[in-house]
Structure formats: C-alpha cells, structure tokens
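Data block below; observations after.
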Amino acid sequence: MRMLTVRQPWAALLVTGIKDVENRSWVTPYRGRLLIHAGLKTDAEGFELMEELGVALDGPLLRGAIVGSVNLVEIRQDSTSPWARPGENHWLVTDARPAVTPMAAVGALGLRPAPAGWTKAFAA
C-alpha cells in the first residue's frame, strides 16, 4: 500500500468521490489502492474551483491525517474531468473510501509506503 499527501480541500474531495482526478507534474508506474493523507497546508485554488463548480463539503477539513483512500487506475494527460488541469498528469482515481477513523500521520513529497497501523483508519 502506498500513501500520497494532498492539500485540502483536494484530499477531502478525493476521498468522498467528488474529485476523480489528482493533478501531478510527475508519473508513477504504481497502480492500485492509494491512501490519501491530508497535508497541513490548504490550497486556495481548490476552494475557488469548488465554488465555481457549486461543490460543497460537510464538516471540518482534517489536516495531518490519513483521511481515506482511492484506487489509482490510470495516468494520462487528456482527461475531460472538470478537476483536470491542462498541462498536468491526470491521475484517474475510482472507488473512493473515506477513513472511518482518520489517523494522524506525517506527510512527505511523492509516493511512499503506508505507515504502520494504517488499517486502523478503516476499521469500524
């Protein structure tokens, strides 16, 4: 299992299944389940795009925690999703699963192995 740090509100949009594309400047050969870690910083552009698209999220946006997971199925540059940014690599994701109990974790750049005990975030 791999983990990716994403700024809010992008992280919440991904794990609720609202956002079906994660934009990255780089590619990876990895495909499969990907833990989404909400970084400590937020991205104002995300809130602006949410407003443009008429999208709202419930509750507080957690930061510094594993907030859910998605399935990374493909990376391309021509997605027609409203979340896809031109000139970026579009990581196409499906099967969003919010964490049952978000788990505090330290973020980092790139994909990295999931931290020990990550399954507790998804246990009922």
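Just name one of Ser25, Ser79, Ala121: the one whose Cα is farthest towards the positive end of the charge dipole of the chain (beta-carbon charges, Lys/Arg +1, Asp/Glu -1). Checked the options; the winner is Ala121. Counting only protein heavy atoms and a 1.4 Å probe, the chain has 54 square angstrom of accessible area per residue. The slack between Ile18 and Leu62, meaning 0.36 nm per residue of separation minus the straight C-alpha distance, is 14.2 nm. Derived value for the range 24-77: Kirkwood hydrodynamic radius 13.5 Å. Basis is the mean of 1/r over every pair of different alpha-carbon atoms. Approximating the spin labels as points 7 Å out from Cα along Cα→Cβ, the Ser25-to-Asn71 distance works out to 3.1 nm. Largest accessible area first, the residues Thr42, Thr5 order themselves as Thr42, Thr5 under a 1.4 Å probe with ligands, DNA and RNA left out.
A cut-off of 5 Å between modelled amide H atoms, ignoring neighbours fewer than 5 places along the same chain, links Ala65 with Ala38, Ala105. Applying 0.36 nm per residue to the separation of Leu53 and Arg33 and subtracting their alpha-carbon distance, the gain on full extension is 4.5 nm.
In this simple spin-label model, placing a label point 7 Å from the Cα along the Cα-to-Cβ direction at both Thr94 and Val106 gives a separation of 3.6 nm.
The values are calculated or read from the model by the stated rules, or taken from the named source; none is laboratory data. Treat the numbers as computed from the prediction; the structure is a model and nothing was measured. Because the Cβ atoms are built from the backbone with ideal geometry, glycine has one as well, and the counts that use them run over all protein chains shown. These area figures cover heavy atoms from the full protein model, side chains too; ligands, DNA and RNA do not enter into them. Shrake-Rupley method; radii C 1.70, N 1.55, O 1.52, S 1.80 Å.
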